[in-house]
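J.: Okay, here's the structure, questions in a sec.
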Amino acid sequence: MSETFVIVGAGVAGGGAAAALREEGFDGRVVLIGAEQQPPYERPPLSKEYLRGESSFERALFQPPDFYDENGVETRFGVRATRVDAAEKVVELDGGERVAYDRLLVATGGRNRRFRIPGMDLEGIYSLRTVADSDRIRAEISPGRRAVVVGMGFIGSEVAASLRQSGVDVVVVDRNEVPLRRVLGEEVGRVIEGIHRDHGTSMIFEDTVAAFEGVGRVERATTARGRRIECDFVVVGLGVEPVTDLLADTGAEIDNGVVVDEYLRTGVEGIYAAGDVANHYHPVFGRRIRVEHWQNALKQGPVAARNMLDKDKPYDEVPWFWSDQYEHNLQYAGFHTEWDELVVRGSIEERNFVAFYRKERRVLAAVALNRGRDLRRSMPLIKAREPIDAARLCDLDVDLRALASVAGTLTSAARSSSKTA
Amino acid sequence: MVGRADDLEEGGMRAFDVQGTRIAVAHVNGAFHAFDDTCTHMGCSLAEGDLEETTVICPCHGSEFDVRSGAVLQGPAREPVDSYETRVESDNLEIKS
């Protein structure tokens, strides 16, 4: 009897998984369920070129519109999956439909973290996750209007940049000392701050929004330190939380997302997770990580699909993302939470560098500003996890690929010698 | 003619101005492959990226193209880059545009 594989979550991870199931020759039923009205689309443009009105939604579609029909993928778009019954192997949908599955992929992604700020229900206050959110913000944009952006993580920073590029006056409020401090640290955050300052973005740090005020519609934000910022609209970028509710009754472990092993399997037979929602064991870093970026969704969906077909393929891609702000291209690869040394290759002043986050002389991660080629060349080095000379990392005459291959050789040599020992 | 074939070593890549268009040339396995230098995704210079065999990787967002055909091998780019015929005449590299 033909099997049914159900994918909940029609983003890049879910859409990619559906495609991969067919590419692998799976000839059973594939059902792709998504809470949004649209077929899978890419989110990176929503805070950048799409928000600025420079590119169309069609361009962001993950697959051509006829892809799902042509590949026999049944779709339920605009329908939320509310609950998984793991004993009955059924997914329950809003509206009452029950879809039986043999294997299930949860790729539900994230939703904007809920925040409680007095006045948050006033009109003109937005957060950004979906194309509908981006459309609402886009409708507010016109030169000379005044926006408050709350939070200067990646979404806040990109939105602030896009608004400035569109002629909007922008005031950012962030609780830290510099933008992106949590991920990139103070030194690199200062560089990003300088870029925003040069483009006329006003930034208020070490302060938080206490309330939004206005009659019906937001007119100003007030801060904990007593500032009053008059504005026409607000964009809040305070991060996302994984959407795991539907698995609550299944016994699948939920801890900062859906906990899966390196094969993207939950502890419940037949249930897998991929994308932003998956807190996956990563063999390179030797721990669980959850990644909220496009490449992770793009690469992880198909790996999950293959493992649903018992291909036993571990997921070990080095996390990578970009963040374009104004004319600058920022990229990050690897994973780090703490580091003991930041090694800079290139020039911070000229905004052309790669900075390596090192711990005990090993490169855990790297961030590049306008130096993408070097960042890509750092990836094998991050994967190798070998001690590397800071002097060689900084030496612009040294090709990072050469360092990486040395590190890689050492690693494999070390492995084989430990085997023989 | 855009340059001397000798100036582009095996495994190398370089962009040239050809009648107002930036065209990249990659030298792979003895052959010269010419294609639009401007990535169809966000307009970065592909010649500033990396060449791995016959794949060029955009330095900004990681899109991958086949240097022989211009076809997209990996997004985020969707549209291929135009590719052009090349010819080497007594060490002169020529691009037919």
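J.: Which of the following residues is within 14 Å of another protein chain (Cβ to nearest Cβ), more than 21 Å from residue A:376 (Cβ to Cβ) and surrounded by fewer than 17 Cβ atoms within 10 Å (Cβ to Cβ): B:52, B:79?
T.: Of the residues listed, the single one that is within 14 Å of another protein chain (Cβ to nearest Cβ), more than 21 Å from residue A:376 (Cβ to Cβ) and surrounded by fewer than 17 Cβ atoms within 10 Å (Cβ to Cβ) is B:79.
J.: Is it true that some residue in region B:22-29 is under 27 Å from residue A:54 (Cα atoms) and among the aliphatic types (A, V, I, L, M)?
T.: The first filter runs over region B:22-29 and keeps only residues under 27 Å from residue A:54 (Cα atoms), leaving B:22-24.
Subset that is among the aliphatic types (A, V, I, L, M): B:23-24.
The answer is yes, given that some residue of region B:22-29 is under 27 Å from residue A:54 (Cα atoms) and among the aliphatic types (A, V, I, L, M).
J.: One residue is enough: does region A:16-33 have a residue meeting the conditions under 23 Å from residue B:42 (Cα atoms) and of a type outside the set (D, E, K, R)?
T.: Yes, the conditions are met somewhere in region A:16-33.
J.: Pull up region B:29-47, narrow it to residues that are surrounded by 18 or more Cβ atoms within 10 Å (Cβ to Cβ) and under 16 Å from residue B:10 (Cα atoms), then point me to the one that is nearest to the other protein chains (Cβ to nearest Cβ). I'd like the intermediate steps shown before the answer.
T.: Taking region B:29-47 first, the residues surrounded by 18 or more Cβ atoms within 10 Å (Cβ to Cβ) are B:32-42, B:44, B:46-47.
Cutting the leftovers down to under 16 Å from residue B:10 (Cα atoms) gives us B:32-34, B:47.
Values: B:32: 21, B:33: 19, B:34: 20, B:47: 10 Å.
Per the stated criteria, the residue is B:47.
J.: Could you check how many residues of region A:23-45 are among the basic types (Lys, Arg) and in contact with a strand residue (DSSP E or B) (Cβ under 7 Å, 6 or more places away or on another chain)? Quick ask: steps written out before the conclusion?
T.: As a first pass, look at region A:23-45 and keep what is among the basic types (Lys, Arg): A:29, A:43.
So of that shortlist, the ones also in contact with a strand residue (DSSP E or B) (Cβ under 7 Å, 6 or more places away or on another chain) come out as A:29.
Looking only at that region, the number is 1.
J.: Next question. Taking the conditions exactly as written (acidic (Asp, Glu), under 30 Å from residue A:34 (Cβ atoms) and surrounded by 17 or more Cβ atoms within 10 Å (Cβ to Cβ)), does residue A:262 satisfy them or not?
T.: So residue A:262 fits the description; yes.
J.: Another question, then. Can you confirm whether region B:9-17 contains a residue that is over 26 Å from residue A:42 (Cβ atoms), within 14 Å of chain A (Cβ to nearest Cβ) and in contact with an Asp or Glu (Cβ under 7 Å, 6 or more places away or on another chain)?
T.: Checking region B:9-17: at least one residue is over 26 Å from residue A:42 (Cβ atoms), within 14 Å of chain A (Cβ to nearest Cβ) and in contact with an Asp or Glu (Cβ under 7 Å, 6 or more places away or on another chain).
J.: Give region A:25-58 a look and list any residue that's over 30 Å from residue A:98 (Cβ atoms) and crowded, with 16+ Cβ neighbours inside 10 Å, or say none.
T.: The answer is A:42, A:44, A:45, A:46, A:47, A:48, A:49, A:50, A:51, A:52.
J.: Can you name every one of the strands (runs of 3 or more DSSP E) wholly within region A:314-383 that holds 3 or more residues which are under 16 Å from residue A:188 (Cβ atoms) and more than 14 Å from chain B (Cβ to nearest Cβ)?
T.: Ranges flagged: A:341-347, A:352-359, A:362-369.
J.: Can you pull out the residues in region A:94-122 that are surrounded by fewer than 18 Cβ atoms within 10 Å (Cβ to Cβ) and assigned to a strand (DSSP E or B)?
T.: Residues satisfying the conditions are A:98, A:100, A:111.
J.: Considering only region A:195-231, state which residues are β-branched (Val, Ile, Thr) and farther than 15 Å from residue A:171 by Cα.
T.: A:215 - this is the single residue of region A:195-231 that is β-branched (Val, Ile, Thr) and farther than 15 Å from residue A:171 by Cα.
J.: A follow-up question, please. Quick one: in region B:12-26, which of the residues that are within 16 Å of residue B:93 (Cα to Cα) and not in a strand (DSSP E or B) is nearest to the chain's Cα centre (by Cα)?
T.: Top of the filtered list is B:12.
J.: Which ones in region A:297-312 are within 14 Å of chain B (Cβ to nearest Cβ) and in contact with a helix residue (DSSP H, G or I) (Cβ under 7 Å, 6 or more places away or on another chain)? Spell out how you get there, then give the answer.
T.: Kept after step one, since they are within 14 Å of chain B (Cβ to nearest Cβ), are these residues of region A:297-312: A:297-299, A:301-302.
Of everything in region A:297-312, those that are within 14 Å of chain B (Cβ to nearest Cβ) and in contact with a helix residue (DSSP H, G or I) (Cβ under 7 Å, 6 or more places away or on another chain) turn out to be A:297, A:298, A:301, A:302.
J.: Mind listing whichever residues of region A:359-369 are within 18 Å of residue A:396 (Cβ to Cβ) and either in the same structural domain as residue A:192 (by TED's automatic domain parsing) or over 20 Å from the mean Cα position of the chain (by Cα) (or both)?
T.: A:363
J.: Right, something else. In the set A:15, A:34, which member is among the small types (Gly, Ala, Ser) and either more than 13 Å from every other protein chain (Cβ to nearest Cβ) or more than 21 Å from residue A:297 (Cα to Cα) (or both)? Reasoning before the result, please.
T.: Working: A:15 fails: either more than 13 Å from every other protein chain (Cβ to nearest Cβ) or more than 21 Å from residue A:297 (Cα to Cα) (or both).
None of the others qualify; the one that does is A:34.
J.: Just wondering, is there one or more residues in region B:63-74 that are without any contact (Cβ under 8 Å) to a residue 12 or more places away in the chain, among the aliphatic types (A, V, I, L, M) and more than 14 Å from chain A (Cβ to nearest Cβ)?
T.: So far as region B:63-74 goes, yes, one or more of its residues are without any contact (Cβ under 8 Å) to a residue 12 or more places away in the chain, among the aliphatic types (A, V, I, L, M) and more than 14 Å from chain A (Cβ to nearest Cβ).
J.: Oh, and also: Among the helices (runs of 4 or more DSSP H) confined wholly to region A:1-87, which include 1 or more residues that are at pLDDT below 95 and under 23 Å from residue A:138 (Cα atoms)?
T.: Here the list reads A:57-60.
The values are calculated or read from the model by the stated rules, or taken from the named source; none is laboratory data. Keep in mind that this is a model prediction, so the values were computed, not measured. Here Cβ is always computed from backbone atoms with ideal geometry, including for glycine, and neighbour counts include all displayed protein chains.
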